[in-house]
Amino acid sequence: PEETVTSSFASFIHAVRPEHLSKTVCHRSKRMILDSIGVGLVGSTTHVFDIALQYCRELYSSVAVSSVYGKPGIKLSPTLAAFANGVATHSMDFDDTWHPATHPSGAVLPALLAASQMLPPSTKPNGMDFLLAFNVGLEVQGRLMHFSTEAHDIPKRFHPPSVVGTMGSAAATAKLLSLSTAQCAHALGIAASLAGAPMANAATQAKPLHIGNAARLGFEAALLAARGMEANPLILDDIPGCSGFSAFYSVYQPKPLSTPSDHHEFLLEKQDIAFKRFPAHLGMHWVVDAALSVRNLFINYAGSFSPSLIRTIVLKIPVSKYINRPFPSSEHQARHSFQFNACTALLDGEVGLSSFTESSIHRQELKELLDKVVVEHPEDNVANFDKMYGEVALLLHSGDVLTGKCDTFYGHWRKPLSKESLLKKFRSNASHVLPEEKVETVITMVDNLENLSDSSQL
C-alpha cells in the first residue's frame with residue numbers, strides 16, 4: 001500500500017534503534033529526565049497534586065504496581081501513576097519547555113516510569129530501551145509541532161502538551177511495549193481522540209491536569225492498541241473534508257517521518273531544551289532577568305532599592321492575554337503574570353519557590369509596585385519563545401529612566417543551564433522529599449542510564 005504520513009510515523013516508531021541516538025541526544029535527554037524527576041518530586045508537595053492523588057486512590061485498582069513521586073508508601077495502577085506523576089511535574093509550571101512551544105518531558109516520562117514497573121521481570125526494558133522510548137516520544141512531539149506555523153507562537157487555543165504530549169506519550173509507550181508497526185499507527189490514532197485541552201484553563205489548578213492526562217491517555221492509547229483496538233490509519237494525514245490531527249491547528253502541512261536506516265538525526269540534536277530556574281511560565285523568565293538587571297542599575301544609582309523613588313514601571317512584553325495579569329490573586333495566576341514576576345524580582349532580587357506563597361503574593365509592598373506598572377506591546381516583540389524579549393524600565397520621580405532588557409534568559413536553549421546549575425536545581429527540588437543519599441543515587445542512575453539493566457529501578 002501507498003505510504004502515508006501516519007504510516008511513516010508508525011514505521012519510524014517501530015524501526016528506530018538505540019544506535020540511532022547520538023551522544024548529544026543522549027546527553028540532552030538525560031538532562032531533561034533528571035530535571036523532570038526533580039520538578040516532579042517537588043511538585044508532589046503541592047495542593048493540586050494532593051487532589052489528583054486522592055482522586056486516583058479512590059478509583060478501583062487491581063494492579064497497583066507503579067510508584068508515585070514523593071510517596072514511597074503508595075502505588076497505583078500504571079496509567080493512574082502516570083497521571084498523578086504528570087500532575088506533579090506540571091503542578092508548579094517548573095518543567096522544561098521546547099520550541100515550538102510545549103512541555104515535552106512531563107507528558108512522556110511519567111508514562112515510561114509507570115510502564116517499566118508494569119512489565120513482568122522477564123521483559124523489563126533496560127536503560128537504553130528506556131532512553132530510546134523517551135526520545136521517540138520527544139521526536140513525535142517535535143515533528144507534529146513543525147506541521148503548523150501556528151505552533152511556533154505562544155498558543156491561544158489548545159495547550160500544546162495536551163495535544164502533542166498525548167501523541168508523544170502514545171508513541172513512547174508503544175515503543176517501550178514493542179508494538180507492531182500497525183499497532184503503533186493505531187496507538188497514534190487512538191491518542192488523537194484523547195487529546196486536547198483549552199488555554200482558558202491556564203493559571204488554574206486544572207492546567208497541571210493537561211500534563212497528567214497527556215501521560216495517562218497516551219499510555220492508555222498504546223495499551224488499547226496492544227489489545228487490538230483500531231483507529232483511523234490516516235490520522236496524521238491532511239484529508240480534505242475530514243479532520244484528523246489537523247483539527248488542532250488552523251494551518252496544517254504534514255510531512256512523512258523517514259524510517260531510520262544507518263542514521264537518524266533527532267530534533268533534539270538540532271533544538272536544545274529550556275530549563276526553568278524558578279517555577280513559573282516560561283515567558284516570565286525574560287521579564288525577571290530584565291527586572292534583575294534594572295534593579296542592579298537602580299541600586300548603583302540610589303544606593304539601595306527604594307520603591308518610593310519610582311513613579312512608573314514600564315513592561316515591554318509581547319501580546320499574550322493569558323500571561324498578562326495585572327493583579328494575580330492565586331499562586332497559579334501569579335505563575336502566569338508578567339507584572340507579578342517583574343515586580344517580585346524588583347522587590348526581592350530573586351524569584352523562587354517561596355515567591356508564590358499566599359503571604360508573598362498578597363504583600364502590601366508588592367501591591368504598591370504592581371499599581372505602578374504600565375504595559376506596552378512593541379511591534380517587534382512577538383509572542384514567540386525564540387524571538388521575544390522582556391524589557392523593564394523604571395521611570396523615577398527625578399525624571400531619570402533606568403532600563404533593563406533580556407532577549408535570552410539563562411536556561412533558554414540559546415543559553416543552556418550549566419551542569420552545575422542543573423544539578424543544583426535537581427538537588428534543591430528532590431531534597432524536599434528524598435534523603436540526600438537517594439538524591440545522589442538518582443543523579444548517578446540517570447547519568448548512567450544507558451548502562452542500567454532494569455529501567456524500573458529508576
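Residue check: Gly411 meets all listed conditions (1) in contact with a helix residue (DSSP H, G or I) (Cβ under 8 Å, 6 or more places away or on another chain); (2) surrounded by fewer than 18 Cβ atoms within 10 Å (Cβ to Cβ); (3) in a loop (DSSP other than H, G, I, E, B); (4) small (Gly, Ala, Ser) but one, namely (2). Yes or no: Val319 within 24 Å of Val401 (Cβ to Cβ), assigned by the TED database to the domain that holds Leu402, in contact with a His (Cβ under 7 Å, 6 or more places away or on another chain) and in a loop (DSSP other than H, G, I, E, B)? Considered against the rule, which asks whether it is within 24 Å of Val401 (Cβ to Cβ), assigned by the TED database to the domain that holds Leu402, in contact with a His (Cβ under 7 Å, 6 or more places away or on another chain) and in a loop (DSSP other than H, G, I, E, B), Val319 comes out as yes. Selection over the range 287-301 of residues that are farther than 15 Å from Phe356 by Cβ and touching a helix residue (DSSP H, G or I) at 6+ places or on another chain (Cβ under 6 Å) gives a count of 4.
For Lys425, are the conditions met, namely being touching a Gly at 6+ places or on another chain (Cβ under 9 Å) and closer than 30 Å to Val287 by Cα? Yes. Can you say whether Leu396 is of a type outside the set (Ser, Thr, Tyr), surrounded by 14 or more Cβ atoms within 10 Å (Cβ to Cβ) and in contact with a helix residue (DSSP H, G or I) (Cβ under 6 Å, 6 or more places away or on another chain), as far as the supplied structure shows? The answer is yes for Leu396. For Ser428, the stated conditions do not hold, so it cannot be described as closer than 30 Å to Tyr301 by Cβ and outside any strand (DSSP E or B). Set side by side, the residues Leu217, Leu209, Leu224 differ, and just one is under 27 Å from Thr45 (Cα atoms), open to solvent by 40 Å² or more (accessible area, probe 1.4 Å) and part of a helix (DSSP H, G or I), which is Leu209.
The range 33-135 holds helices (runs of 4 or more DSSP H) entirely within its bounds, and those carrying 2 or more residues that are modelled with pLDDT of 95 or more and buried (at least 24 other Cβ atoms within 10 Å of the Cβ) map to 78-90, 104-118.
When Glu365, Glu379 are checked against the criterion of being surrounded by fewer than 18 Cβ atoms within 10 Å (Cβ to Cβ) and in a helix (DSSP H, G or I), a single residue qualifies: Glu365.
The values are calculated or read from the model by the stated rules, or taken from the named source; none is laboratory data. Source: prediction; values computed, not measured. Using ideal geometry, Cβ is built from the backbone for each residue, glycine included, and neighbour counts are taken over all protein chains shown. When the accessible area is computed, the model is the full protein with side chains, heavy atoms only, and any ligands, DNA or RNA have been set aside. Shrake-Rupley method; radii C 1.70, N 1.55, O 1.52, S 1.80 Å.
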